[in-house]
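Remarks on the structure that follows.
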Amino acid sequence: MRDIERDTVREIATRARIELLLRALAKIERGHVRDLNDVRAMLDAGLVTPDSLHTMYEQAAADLYRYPAADPVSYRAALDALLAERVTPPRPAAPDSH
């Protein structure tokens, strides 16, 4: 594959990842049950990660003032609440077999 083709494939892949992240964040902000389930499915499938959602939110948060309907505090709370579901508590230690 030539360098130009590789660069084009990388660019398309990057845009696709960004599009998925923005779509997931829009669904979280909207907060409908179906939307939140869609984001859970995206996380389960590995299409987005908690870290990438946090990073993209932080980048977008500075521009939220342009959208009066979007409350940054409740938006961040919704994101944190959804991602808190993903935290798996540590398993208890196995009993000592000695």
Item checked: Length added when fully stretched, R66-E19, from 0.36 nm per residue minus Cα-Cα -> 14.9 nm
Check: Once the Cα gyration tensor of the range 22-85 is diagonalised, what are the square roots of 5 times its eigenvalues, in whole Å and ordered largest first, as equivalent ellipsoid semi-axes?
Finding: 19, 13, 10
Next item on the list: First measure r as the distance between the Cβ atoms of E11 and L47, then evaluate 1/(1 + (r/R0)^6) with R0 = 22 Å and state the FRET efficiency to the nearest 0.05.
Entry: 0.75
Notebook entry, point to check: What full-extension length gain, to one decimal in nm, is calculated for H32 and S74 as 0.36 nm per residue of separation minus the Cα-Cα distance?
Noted result: 13.7 nm
Next item on the list: Between R40 and E85, with labels modelled 7 Å along Cα→Cβ, what's the label distance in nm to one decimal, could you check?
Entry: 0.4
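Rule-based calculations on the coordinates, nothing more; no lab input. Because the structure is a prediction, the values reported are computed rather than measured. Positions of Cβ are generated from backbone atoms using ideal geometry, with glycine treated the same way; all protein chains shown enter the neighbour counts.
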